[in-house]
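Written below as structure tokens is the structure these notes are about.
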Amino acid sequence: MQDRSHSSNVPFRHLSLIVRTLVLVLVSLAVLSGGALAHPPSDVTMTYDQNTGDLIVTIPHQVDDPKTHYVKQVTVKQGDTVLIDKSYTGQPDRSSFTYRYNLPQLKASSGEIRVDAQCNLFGSRSGTLPLGPNPANTASASPAAPAPTKSPVGVLITLVAIGFVARKILR
């Protein structure tokens with residue numbers, strides 16, 4: 001007598017393997033597409049108004065919905081000293097916006113101001129502004145090269161996990 005249960009399990013195994021592979025591919029695409037849609041601010045520029053003591057920071061960050069994709073953190077540093085560390089839950093505009101921070105202590109300062117703007121979904125961008133006795137230096141930000149985007153570790157971990165799962169499935 002022939003065992004039919006064994007022969008009917010073989011197609012089910014193949015179907016199960018196909019379904020698991022398809023689910024794995026769809027989950028992978030969903031996870032990776034979040035990083036593709038998210039991006040850091042494109043630039044950070046600054047000026048310092050000697051009269052008012054205001055640091056004016058302009059951040060271009062093009063988004064579809066400024067309530068779900070926005071610059072979540074702005075940090076202003078002079079050397080190693082943090083002057084401003086401000087968190088946000090949205091951005092005021094879909095493309096570019098300006099924040100004013102009152103820092104009168106910078107009027108007689110020298111050195112460099114660094115501003116880091118961090119996206120809530122992916123990456124960050126930095127800009128610098130030299131300070132000094134020459135008013136021309138404090139009028140606008142220097143054309144410094146933008147800092148490289150910081151990649152989230154979660155994407156790397158996800159890719160490694162997907163590799164292990166795919167290896168198990170394909171065995």
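The values are calculated or read from the model by the stated rules, or taken from the named source; none is laboratory data. Since we're looking at a predicted model, the values are computed, not measured. Ideal geometry is used to build each Cβ from the backbone, glycine not excepted, and the neighbour counts take in all protein chains shown.
What the table below lists for this structure:
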item: Qualifying position, being charged (D, E, K, R), part of a loop (DSSP other than H, G, I, E, B) and at pLDDT below 85, among Lys168, Lys150; result: Lys150
item: Residues (under 17 Å from the mean Cα position of the chain (by Cα) and surrounded by 22 or more Cβ atoms within 10 Å (Cβ to Cβ)) located in the stretch 41-62; result: Pro41, Val44, Ile59, His61
item: Condition check for His69: at pLDDT 90 or above, buried (at least 20 other Cβ atoms within 10 Å of the Cβ) and out of contact with any strand residue (DSSP E or B) (no Cβ under 6 Å at 6 or more places or on another chain); result: yes
item: All positions within the stretch 104-130 that are of a type in the set (A, V, I, L, M), in contact (Cβ under 8 Å) with a residue 24 or more places away in the chain and surrounded by fewer than 18 Cβ atoms within 10 Å (Cβ to Cβ); result: Leu121
item: Criterion: modelled with pLDDT under 90 and β-branched (Val, Ile, Thr) - qualifying residue of Thr58, Thr138; result: Thr138
